[in-house]
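Any read-out appearing in this document is the output of simple, stated calculations on the displayed coordinates, not a laboratory observation. Just so it is clear, the structure is predicted and the values come from calculations on it, not from any experiment. Quick reminder, even Gly has a Cβ in these numbers, built from the backbone with ideal geometry, and neighbours come from all protein chains shown.
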Amino acid sequence: MSKKLSDNLFIHFFLLRTTVWGTTLSLLVGYSPLTERFAAGAGPKYQRPNIIIIMTDQMRAQAMGCAGNSQVHTPNLDKLANQGVYLANMIANNPVCCPARATILTGMYPHRHGMIINDLRLRERERSLAELLADHDYATGFVGKWHLDGGIRMPGYIPPGLRRQGFQFWAANECNHNHFDSIYFRDSCKPIPIKKFEPEVWTDEAVSFIRQNNDRPFFLWWACGPPHNPYGAPEQYEKLYDTAKLKMRPNWKEQTRWGSRLDIAKYYAAITAIDDQVGRFMRILDELGIAEDTILLFTSDHGDMLGSQDAVFKCKPWAESINVPGIIRYPRRIKAGQRRDLLISHVDFVPTLLSFCGISIPDNIQGRDLSEHLASRDGREPEAVLLQNFEPRPQTGVPAAWRGVRTKRYTYARLRDKPWVLYDLRKDPYELNNLVDDPSSAALLAKMDALLQQEMERVGDSWDTNMTECYRIYDKPFVYHPHDWFVK
Ligand SMILES: [Ca+2]
């Protein structure tokens, strides 16, 4: 039998099976495909929402006007925050690229989904948010930097099929930080050149996906490379920033590389350029009349130290690394103009979004459903967010794997053999006074350590992640080993 014929027969069988089951279900529970567009909530029935996750790479929460930063220009994000809820405590559980992306997509922590370091491949058997939504007739689209396929980053063609984790529409590359001169792929291995600032291309593709799927619920994940280093933006954005006039954070120490004044000016310029793309999303939703029933979630995979704490990049327990932008606009169910300190983290996205869609949450999901907190402030708020980092990066100041907890008031992190950092964020928002060795904070330290232990037990994290194991569980050998220690 030819491949095409067998595919057609399979599709025919699948449709037949789906129809038979649909009819049976309709008879049993009064289900009709027509009601699929509507989700049952606590109150009146409401339309199943579209979901758009707009995700930047390495953008810290502090780099937005609505976060109180008067140095950076983000008029669209500020407007979006005013139209929805601004979440001051949006946290990256594991503040590095691939672990964060996999957590967002699966609703599980890295020791469960397996993506504990960069450049592994997310197991094809994991059930992603895209697959769960596609099961309920959502159109799904991914646009941008994927970074969940493992192996060599370039050229970054991911063929249609299981490696796309349930995304039907595809315009993406694996990982490429040439933000002005790059390539991406649709459904063939023929590269499509990127010759302008990459986020603009991603938004072109996103707008086209939204227009194509305007008549049914859709889920779009948009993930751009900037403001990740190398920092920079088109000239009209860089012109907005005067390096000499920029005010630095009090915990900043100039770095020769990846944390200079010029780096920060260019970082802000990239964010303003992305902000313009956010404006395009807002306009297309208005134009199509679907803003009311669309969840627009703006976040990042992790932050960037940029010289704060005398450090660069990510993987750290400090605020510049773990606090990511948190804005959710969903006019139908979330009251506009809220500023909230609710603790919310990447692992909570899947259950919270599924709940807004009226879709039941699978048992393996580890995050919390915070939809009712966002919609009506009901329920007991989480006490803490669990932080994890599995990879030592001594060259950028991460001495060993660490775990931590972030509460509304404190950040605490420990290495396996000893406490590392403890800050009282109310008294010390810039984390300049580490209380770990302060005798008067011993009781607090013990309490935070117990809370961390409790959180780790709750999610089944024992510290005992075998680094060679994550190499073995993937279905093919990797030719790219980013870290020597990993293959030893
Ligand atoms: Ca990243």
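Considering all different alpha carbon pairs of the chain, the Kirkwood hydrodynamic radius works out to 23.2 Å.
Packing, taken as the mean count of other beta carbons within 10 Å per residue, orders the peptides 201-207, 48-54, 213-219 from highest to lowest as 48-54, 201-207, 213-219. Short to long, the 10 Å bins of the Cα pair-distance histogram for the range 283-352 hold 17, 38, 28, 15, 2 percent of all pairs.
Relative to the current alpha-carbon distance between Asp341 and Ala134, full extension at 0.36 nm per residue lengthens the span by 71.3 nm. The distance linking the range 257-304 with the range 222-250 is 12 Å (Cα centroid to Cα centroid, whole angstrom). Axis of helix 3-29 versus longest Cα principal axis of the chain: the two differ by about 90°, to the nearest ten degrees. Going from the residue with the fewest nearby Cβ atoms within 10 Å to the one with the most, Ile104, Ile361 rank Ile361, Ile104. Taking 0.36 nm per residue of separation and subtracting the Cα-Cα distance, full extension of the segment from Ser188 to Leu415 would add 77.2 nm. Net charge dipole, the range 160-207: roughly 180 debye, given to the nearest 20, about the Cα centre with Cβ charges of +1 for Lys and Arg and -1 for Asp and Glu. The packing ranking, built from the mean of other Cβ atoms within 10 Å per residue, places the peptides 337-347, 80-90, 411-421 in the order 80-90, 337-347, 411-421, highest first. Placing dummy labels 7 Å off each Cα toward the beta-carbon, the span from Ala443 to Lys408 is 2.1 nm. Computed from label points 7 Å out along Cα-Cβ, the spacing between His177 and Thr243 is 1.9 nm.
For the peptides 160-169, 375-384, residues were scored by their other Cβ atoms within 10 Å and the scores averaged per peptide; the highest-first order is 160-169, 375-384. Does the range 273-317 come out rounded, prolate or oblate by the C-alpha gyration tensor, with a ≥ b ≥ c the root eigenvalues, rounded set by a/c under 1.5 and, if not, prolate when a/b is larger than b/c and oblate if not? Prolate is the answer for the range 273-317, as a/c is 1.5 or above and a/b outweighs b/c.
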